[in-house]
Every structure is written in C-alpha cells, then in structure tokens.
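Comments concern the structure below.
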C-alpha cells in the first residue's frame with residue numbers, strides 16, 4: 001500500500017481530473033495523443049502506471065489481452081474498474097505507489113505505459129529503473145509528458161507572463177505536477193535509468209492555454225491536435241518509446 005503522506009496527496013489531486021477544466025479541449029488533445037502512441041494492434045499484456053480519468057485504460061482494454069493498472073488513488077482505480085467491465089482485456093487494478101512496485105522476477109509485461117506520470121513523482125529516474133525489470137524480452141515502455149517548450153509556453157515566456165519555460169502553472173500545481181519536461185530532461189532520465197531509446201517526438205500544437213481555447217469547436221481543436229508537424233520541437237506533449245538495451 002502507498003505511504004500515508006503520498007496517498008493523501010494523490011487522493012487530494014484525484015478530484016482535479018473530474019473538473020470541467022480538464023475535460024473538453026484538454027481531453028481532446030489527450031485522446032489524440034493516446035491514439036497516436038498506443039499501437040493499433042495492441043498486444044499480449046500492458047501495464048499502465050497512473051490512470052487519471054481512465055482515457056488510456058479504455059483503449060488498452062480494447063487492444064490487449066491482459067491489462068494491469070497501478071495508481072495510488074483508490075477512487076480513480078474504482079472508477080476505471082467500473083467503466084471497463086466487459087471489454088477484451090482481463091483488467092486488474094492495484095493501489096500502490098509506482099515506487100513500491102515489486103521487481104519483475106514474478107511478473108513481466110510486453111508494454112508498459114507511463115503517461116503523464118513522471119511529472120508527478122519525486123524520483124522519476126528511480127521509477128524508470130524499477131520498472132525496467134518488469135519488461136518482457138520483447139517489451140517496450142511508452143512515455144508521455146507535457147512539453148516545457150510547447151508554443152503556448154514559449155509565447156507566455158516572451159510576453160513576460162512566466163519567468164521560465166519550465167515554471168509550474170496553476171493547472172500544474174492543481175494536478176500535482178512537480179516538474180515540466182524538456183526533451184533533453186526526458187531523454188536524460190530515460191538514458192540514466194539504463195534504457196535504449198527507440199523513438200521520440202512531440203505531438204499536437206497548443207498555441208494558447210486551455211482556458212483561452214475552451215470555446216473552440218471540436219474541429220478547431222482537432223486541427224491543432226494534428227498540426228504538431230508545424231513545430232516539431234514545440235509540440236504540446238513529448239512522447240518517447242524505449243526498451244531494455246540487452247533485449248531485442
């Protein structure tokens with residue numbers, strides 16, 4: 001079970017995921033990112049670390065035979081379990097801090113998803129090291145984090161609204177973020193943890209903050225979701241796929 005202090009912190013921010021500000025535009029961006037990163041053919045087994053509202057869990061349960069979800073919030077896990085009854089996957093939820101995951105001697109997964117989690121944890125490199133043994137021989141990890149160099153952050157910095165590109169916003173603090181990633185920082189954490197990088201890219205184009213886009217139509221938002229190619233270093237989110245260096 002998670003430690004009392006961190007469990008209380010996670011339960012405190014869990015309610016933020018149900019807030020209206022994180023639906024609508026934000027959710028549309030996340031759905032686009034999800035459908036970009038998850039392989040269409042799925043696979044044998046997937047481990048999801050941190051489930052949020054369960055947007056990713058839904059698709060994982062449709063594309064994999066076995067899905068395990070780990071989160072520190074009992075409330076979020078309960079909602080995820082209820083919403084995915086009857087899907088393809090055999091779904092099992094586990095209330096635990098990712099820092100407390102057992103090593104991979106008894107259980108391994110083909111794919112491990114760590115989406116919008118690394119910005120929350122205290123020691124991301126330790127987390128990445130810990131889960132490496134949980135990868136099957138043909139396994140890969142899939143990462144996604146907010147991009148500190150997203151266009152909307154760069155513009156805000158040039159306007160003097162934020163002092164640094166990696167400054168935590170009000171929304172970051174409300175949802176429990178401890179950092180905002182640059183591509184260099186994400187790459188450094190993954191390589192320091194001992195992985196081999198397979199692919200990395202930014203996804204989506206966000207030119208304004210969520211509140212400024214809340215009245216946009218779905219078609220307008222979608223146009224920016226698919227326009228990350230216009231600013232490949234300044235997309236809304238960073239994604240990275242990696243594997244164990246000693247396995248093919």
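From the list 231, 236, 156, the one residue that fits, being surrounded by 15 or more Cβ atoms within 10 Å (Cβ to Cβ) and under 19 Å from residue 119 (Cα atoms), is 236.
Taking residue 154, is it in a helix (DSSP H, G or I), closer than 30 Å to residue 110 by Cα and touching a residue at least 60 places away in the same chain (Cβ under 8 Å)?
Values: in a helix (DSSP H, G or I): yes; closer than 30 Å to residue 110 by Cα: no; touching a residue at least 60 places away in the same chain (Cβ under 8 Å): yes.
Spelling it out, it is not the case that residue 154 is in a helix (DSSP H, G or I), closer than 30 Å to residue 110 by Cα and touching a residue at least 60 places away in the same chain (Cβ under 8 Å).
Filtered by the rule that a residue be in a helix (DSSP H, G or I) and surrounded by fewer than 18 Cβ atoms within 10 Å (Cβ to Cβ), the stretch 111-151 gives 125, 126, 129.
If a residue counts only when it is modelled with pLDDT under 85 and touching a helix residue (DSSP H, G or I) at 6+ places or on another chain (Cβ under 9 Å), which helices (runs of 4 or more DSSP H) contained entirely in the stretch 1-89 have at least 1 such residues?
Working: elements: 4-14, 25-37, 55-63, 74-83.
Ranges flagged: 4-14.
The residues of the stretch 212-227 that are assigned to a helix (DSSP H, G or I) and free of Cβ contacts under 8 Å to residues at least 12 places away in the same chain, listed by number, are 212, 219, 220, 223. Of all residues in the stretch 182-199, which are surrounded by 15 or more Cβ atoms within 10 Å (Cβ to Cβ) and either modelled with pLDDT under 95 or in a loop (DSSP other than H, G, I, E, B) (or both)? 182, 193, 195 - these are the residues of the stretch 182-199 that are surrounded by 15 or more Cβ atoms within 10 Å (Cβ to Cβ) and either modelled with pLDDT under 95 or in a loop (DSSP other than H, G, I, E, B) (or both). Residue 172 satisfies every condition listed in (1) surrounded by 15 or more Cβ atoms within 10 Å (Cβ to Cβ); (2) at pLDDT below 95; (3) in contact with a strand residue (DSSP E or B) (Cβ under 7 Å, 6 or more places away or on another chain) except (3). Quick one: which residue in 170, 163 is free of Cβ contacts under 8 Å to residues at least 12 places away in the same chain and within 20 Å of residue 26 (Cβ to Cβ)? Result: 170 is the single residue among 170, 163 that is free of Cβ contacts under 8 Å to residues at least 12 places away in the same chain and within 20 Å of residue 26 (Cβ to Cβ). Condition check for residue 179 on (1) farther than 20 Å from residue 36 by Cα; (2) at pLDDT 95 or above: one failure, at (2).
Restricted to the stretch 96-110, and to residues that are more than 17 Å from the chain's Cα centre (by Cα) and outside any loop (DSSP other than H, G, I, E, B), which residue is surrounded by the most Cβ atoms within 10 Å (Cβ to Cβ)? Per the stated criteria, the residue is 109.
Please find, within the stretch 200-211, the residue that is surrounded by the most Cβ atoms within 10 Å (Cβ to Cβ) out of those that are assigned to a loop (DSSP other than H, G, I, E, B) and out of contact with any strand residue (DSSP E or B) (no Cβ under 9 Å at 6 or more places or on another chain). Please lay out each step first, then the result.
Just the residues of the stretch 200-211 that are assigned to a loop (DSSP other than H, G, I, E, B), to begin with: 204-209.
If we keep only those that are out of contact with any strand residue (DSSP E or B) (no Cβ under 9 Å at 6 or more places or on another chain) too, we end up with 205, 207-209.
Working: 205: 22, 207: 16, 208: 15, 209: 18.
Among them, the one singled out is 205.
The values are calculated or read from the model by the stated rules, or taken from the named source; none is laboratory data. Predicted model, so just to flag it, every value in this text is computed and none were measured. Every residue, glycine among them, receives a Cβ derived from its backbone with ideal geometry; neighbour counts consider all protein chains shown.
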